[in-house]
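Down below is the structure, laid out as structure tokens.
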């Protein structure tokens, strides 16, 4: 949650929150929190608008795309590009126009009044005339050691991002909701066979999505099944499952996890409106939150598309909204 604090120029300790705020307060026009496609695109547009944006990269610089090997569906890269390289390209483009991209994690904010206040790494104080939240959402995984081992080498949390690489091959999707059903049917149009692994004895997806799965001939639904281990040498070659107490081995080349995402909105919830899942709510057709001068973009607001291109587009919108907001203050 957020932390209420006052402007300080000497070291001050807040015992309730157990961290120290110290040093001179830095004042900025536009503070961008997050460094995925949304954050970097916001930085490009904000810097070109002379907002002198300061961007903090957060816990995972570059966002989820840094765990992706090849990106082939982002415009401007006809031969594809790796996720980390694309993020470095976006960062360099933002810095070319004067954006400051910094290491650091925004650990607390106070959005009760302008200028907005933020604490970086529990110690550095910043006051911002506008704030763009681009903290993204983290895909939920099963927590297996083998799952971690094969991330980017057969394990993915995005079928539309990585499904093309498994054309004509066998894959598995884990999950029983609408997202898992959508990913399974999408992959079924590309892959030879799709195993849909469901922990319970039924799907919790909508009736329409269940019927779509049932109509798709090359999807095999495995109910009451858990994943014990993902196996392979350098890449995924199969998975060991436990179905109703019995071990079962399947040969697959890709393993897709579709059990949901966690939006990184926790420190903002005291001020900005969020939905029941924690996604920040924005005014329709804009990036504006319920707090004037605070904007949100990317996967922290998007529970549907979750694509690099849609995140970048919303980052553009946030920067333009911030520029207009500041212009209207004068």
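The values are calculated or read from the model by the stated rules, or taken from the named source; none is laboratory data. These numbers come from a predicted model, not from an experiment. Positions of Cβ are generated from backbone atoms using ideal geometry, with glycine treated the same way; all protein chains shown enter the neighbour counts.
None of 293, 315 is touching a helix residue (DSSP H, G or I) at 6+ places or on another chain (Cβ under 9 Å) and either at positive phi or not assigned by TED's automatic domain parsing to the domain that holds residue 48 (or both) except 293. Only one of the numbered conditions (1) touching a strand residue (DSSP E or B) at 6+ places or on another chain (Cβ under 8 Å); (2) surrounded by 15 or more Cβ atoms within 10 Å (Cβ to Cβ); (3) over 23 Å from residue 165 (Cβ atoms) is violated by residue 210, and that is (1).
Could you tell me whether residue 283 is without any contact (Cβ under 8 Å) to a residue 60 or more places away in the chain, part of a loop (DSSP other than H, G, I, E, B) and closer than 21 Å to residue 136 by Cβ?
Details: without any contact (Cβ under 8 Å) to a residue 60 or more places away in the chain: yes; part of a loop (DSSP other than H, G, I, E, B): yes; closer than 21 Å to residue 136 by Cβ: yes.
For residue 283, the condition - without any contact (Cβ under 8 Å) to a residue 60 or more places away in the chain, part of a loop (DSSP other than H, G, I, E, B) and closer than 21 Å to residue 136 by Cβ - is met.
Summed over the range 297-330, the residues that are surrounded by 24 or more Cβ atoms within 10 Å (Cβ to Cβ), assigned to a loop (DSSP other than H, G, I, E, B) and modelled with pLDDT under 95 give a count of 0. The set of residues from the range 247-294 being within 30 Å of residue 236 (Cα to Cα) and more than 20 Å from the chain's Cα centre (by Cα) comprises 247, 248, 249, 250, 251, 252, 253, 254.
Check 294, 257, 274 and return the single one that is closer than 27 Å to residue 186 by Cβ and surrounded by 17 or more Cβ atoms within 10 Å (Cβ to Cβ). I'd like the intermediate steps shown before the answer.
On the way: 294 fails: closer than 27 Å to residue 186 by Cβ; 274 fails: closer than 27 Å to residue 186 by Cβ.
Going through 294, 257, 274 in turn, the sole match is 257.
Only one of the numbered conditions (1) closer than 21 Å to residue 118 by Cβ; (2) free of Cβ contacts under 8 Å to residues at least 60 places away in the same chain; (3) surrounded by fewer than 22 Cβ atoms within 10 Å (Cβ to Cβ) is violated by residue 58, and that is (2).
Kindly indicate whether any position in the range 123-130 is assigned by TED's automatic domain parsing to the domain that holds residue 287, closer than 30 Å to residue 57 by Cβ, crowded, with 24+ Cβ neighbours inside 10 Å and touching a helix residue (DSSP H, G or I) at 6+ places or on another chain (Cβ under 8 Å). Don't jump to the end; show me each part of the working.
Taking the range 123-130 as the starting set, the residues that turn out to be assigned by TED's automatic domain parsing to the domain that holds residue 287 are 123-130.
Narrowing further to those that are closer than 30 Å to residue 57 by Cβ: 123-130.
In the following step, the residues that additionally are crowded, with 24+ Cβ neighbours inside 10 Å were identified as 128, 130.
Filter once more, keeping what is touching a helix residue (DSSP H, G or I) at 6+ places or on another chain (Cβ under 8 Å): 130.
Yes, some residue in the range 123-130 is assigned by TED's automatic domain parsing to the domain that holds residue 287, closer than 30 Å to residue 57 by Cβ, crowded, with 24+ Cβ neighbours inside 10 Å and touching a helix residue (DSSP H, G or I) at 6+ places or on another chain (Cβ under 8 Å).
Of the residues in the range 175-187, none is assigned to a strand (DSSP E or B), touching a residue at least 24 places away in the same chain (Cβ under 8 Å) and in the same structural domain as residue 156 (by TED's automatic domain parsing).
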